[in-house]
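What follows is a set of notes on a single structure, which appears directly below.
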Amino acid sequence: MLGLLTSTSSVKLAKFLEQEGCFTREQFKKIEQQAEREGRPVVAELLDQANGNTERILEVLAGYYQLESVVLRGRMISPYVLGLIPKDLAEAHNLVTFKKAGECVHVATTNPEDVEIINFIRRKTGLQAQVYITTPADIAYALQRYESKLAEEFGKIIEESLKETLASHETEEKLAQFVPVVKMVNSIIDRALASRASDIHIEPGSEQIVIRFRIDGLLKKVVELPREVLPPILARIKLMANLKIDEHRLPQDGRFRYTFHDHEVALRVSIVPNLHGSKIVLRLLDTRQKKFNFRTLGLNKRDLAIIKRESLKPHGMLLVTGPTGSGKTTTLYALLSLLNRERVNICTVEDPIEYGLEGINQMQVNPGAGLTFANGLRSLLRQDPDIIMVGEIRDSETAEIAINSAMTGHLVLSSLHTNNAFLAPQRLVEMGLKPFMVASVVNLIIGQRLVRTICKHCTSPLSNLSKHLERYGESLSLESAVVNLQKSGLLPADFSWSRVVLYHGRGCDRCSETGYQGRLGIYEFMEVDEVVSQAILKSNTTEGVKQAARQQGVLTMIEDGILKIINGQTTFEEVTRVTKE
Ligand SMILES: [Zn+2]
């Protein structure tokens, strides 16, 4: 997906480009690393770094991949052809469809290595795909055409439906199902979703109604419509949200689901009467934006492999540890999403429920009403669950029910408030569990922290690397960290600090001069295998468990953090800040 090359094709391409006099191997290596850091195709990065030589490099790459090249800038692209694949897909895969001839659709891409997506387009459009190679600037040009296409269509639909709506003299109930009204409301919602709006405001004035979208926190006027269309729009939205159509004096709240392209969106509706009629606010909850998966969590290859292996086990216990605000809930939700299959019954007891998960039965702890983690868990067990998530194990009663459930064929997920993974077994024993239970039932313990990621808009190479190495060498045990990362195959055997470039954010408008934007987890994944479980049985000291785990190749979150520093995602300062006990 990221367009990372396999090592053989990477070597081949590097050699080809060198022979053609485009890039030296060293330049190629740097560009490849940059592409990997930014999660974009190597070809796109090569073209962006062509330094005025773009045309020639494009031809050389076209030759290498045996594809034709194409220039899209300035070209008319039919909205129909462009719309053969949705914009978000086009954007995510660095490609656009730009021409259709007979049974063949022409696709331009900056990622010719992504064969899968080409097959996907063939299936989706039912057409043969002819692939061309192009530059990132050309893709950006075509992506912009999507916007104008949407605006154009929105205007057309509104105008047409408006005429028909105003001409009809139906009752409110009938209007709510009148096709032009349905079209108009749908196109308002579609337009809002396409422009990543979080809210739609439909506000009546004395002569007009104004429709505004909130995008990135700011309200923006989208269209003004004649006042007469307010009653039909209002009736339509009330019908969708199952509200009383003939209620005009009292505020009403509701919600409904809406299908946009291939996914569902939840809409929360608020209708409040005011001077000129009812004001409608729709809050859009795009469930896609909150997809929990391990790709977006930023797990390293080793940890991803562990998750894959562990998710196949039908019973036992998975624990996530860390202080408050270390991202435990997100990890638990990602685990649940991974395990959420049609044939399993997943129940949770949480405090609070931070996010509603489709297809999962979530229960909110309510101590005031006598609903604690322990008795919530007890009642869940009568619901025939396969997988149970207990938000947090805080007391011995909860610990005991949780571990008993795990012993009787359930998979139990939970979190513990300990500083790292190695401390967890001891903590469970302190809560009254027997070491043999912990050793035999717990499958995996994850320790984690969140580090801020370097701002993409002002990232720049660190000039005084040696000073940093000196400063953090000891406190972060850089030397042994590199050895351990090499042992687990996460760093190449010939890794050397002298050959890496580290990054930091200089500070800019977009990151409020902090140099950081967004966050990322650093993790330690301890599988309780034979060796670790023996250590729990024999000594169950944190040191003993840690030693056994380290012997099995478990990396600490500091080491994972160092890997993420080397990958240009975060800094020594951040890893130090969050791992200081
Ligand atoms: Zn910045």
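The values are calculated or read from the model by the stated rules, or taken from the named source; none is laboratory data. Remember, it's a predicted structure, so these values are computed and weren't measured experimentally. Cβ coordinates were reconstructed from backbone atoms using ideal geometry, including for glycine residues, and neighbour counts include every protein chain displayed. With ligands, DNA and RNA removed, areas are computed over all heavy atoms of the protein, side chains included. Shrake-Rupley method; radii C 1.70, N 1.55, O 1.52, S 1.80 Å.
Scanning the range 72-87 for residues that are exposed (fewer than 13 other Cβ atoms within 10 Å of the Cβ) and of a type outside the set (Lys, Arg) returns GLY74, MET76, TYR80.
Just to be sure, is GLY507 in contact with a Cys (Cβ under 7 Å, 6 or more places away or on another chain) and at positive phi?
For GLY507, the condition - in contact with a Cys (Cβ under 7 Å, 6 or more places away or on another chain) and at positive phi - is met.
Taken together, ARG519, ARG506 contain a single residue that is among the charged types (D, E, K, R), within 16 Å of the ligand (Cβ to nearest atom) and surrounded by 15 or more Cβ atoms within 10 Å (Cβ to Cβ), which is ARG519.
Scanning the range 354-383 for residues being in contact with a strand residue (DSSP E or B) (Cβ under 9 Å, 6 or more places away or on another chain), surrounded by fewer than 13 Cβ atoms within 10 Å (Cβ to Cβ), more than 14 Å from TYR333 (Cα to Cα) and of a type outside the set (Gly, Ala, Ser) gives a total of 1.
Name the residue, out of PHE28, PHE98, PHE16, PHE23, that is in contact (Cβ under 8 Å) with a residue 12 or more places away in the chain, among the aromatic types (Phe, Trp, Tyr), under 19 Å from ALA140 (Cβ atoms) and open to solvent by less than 70 Å² (accessible area, probe 1.4 Å). Can you show your working first?
Numbers: PHE28 fails: under 19 Å from ALA140 (Cβ atoms); PHE16 fails: under 19 Å from ALA140 (Cβ atoms); PHE23 fails: under 19 Å from ALA140 (Cβ atoms).
Residue meeting the stated conditions: PHE98.
Checking GLU574, GLU530 one by one, the residue that is open to solvent by less than 50 Å² (accessible area, probe 1.4 Å) and of a type in the set (D, E, K, R) is GLU574 and no other.
Would you say ALA197 is of a type outside the set (D, E, K, R), at pLDDT below 85, open to solvent by less than 40 Å² (accessible area, probe 1.4 Å) and under 19 Å from LYS279 (Cβ atoms)? Show your work before the answer.
Details: of a type outside the set (D, E, K, R): yes; at pLDDT below 85: yes; open to solvent by less than 40 Å² (accessible area, probe 1.4 Å): yes; under 19 Å from LYS279 (Cβ atoms): yes.
It is true that ALA197 is of a type outside the set (D, E, K, R), at pLDDT below 85, open to solvent by less than 40 Å² (accessible area, probe 1.4 Å) and under 19 Å from LYS279 (Cβ atoms).
Please tell me if VAL545 is away from the ligand (no atom under 16 Å from the Cβ), open to solvent by less than 30 Å² (accessible area, probe 1.4 Å), modelled with pLDDT of 95 or more and in a helix (DSSP H, G or I). For VAL545, the condition - away from the ligand (no atom under 16 Å from the Cβ), open to solvent by less than 30 Å² (accessible area, probe 1.4 Å), modelled with pLDDT of 95 or more and in a helix (DSSP H, G or I) - is met.
Scanning the range 236-262 for residues that are open to solvent by less than 100 Å² (accessible area, probe 1.4 Å) and either among the charged types (D, E, K, R) or at positive phi (or both) yields ARG236, LYS238, GLU247. Against the test of being in the same structural domain as LEU377 (by TED's automatic domain parsing) and open to solvent by less than 20 Å² (accessible area, probe 1.4 Å), the options LEU423, LEU413 yield a single qualifying residue, LEU413. Kindly provide the set of residues from the range 203-234 that are out of contact with any Phe, Trp or Tyr (no Cβ under 9 Å at 6 or more places or on another chain), closer than 17 Å to PRO180 by Cβ and of a type in the set (A, V, I, L, M), ordered by number. Answer for the range 203-234, where residues must be out of contact with any Phe, Trp or Tyr (no Cβ under 9 Å at 6 or more places or on another chain), closer than 17 Å to PRO180 by Cβ and of a type in the set (A, V, I, L, M): ILE209, ILE211, LEU225, VAL229, LEU230, ILE233, LEU234. I need every pair where a residue in the range 506-526 that is among the acidic types (Asp, Glu) has its Cβ under 7 Å from the Cβ of a residue that is more than 7 Å from the ligand (Cβ to nearest atom) and part of a helix (DSSP H, G or I), sequence separation at least 6 or different chains. These pairs meet every condition: GLU524/ALA421; GLU524/MET557; GLU524/ASP560.
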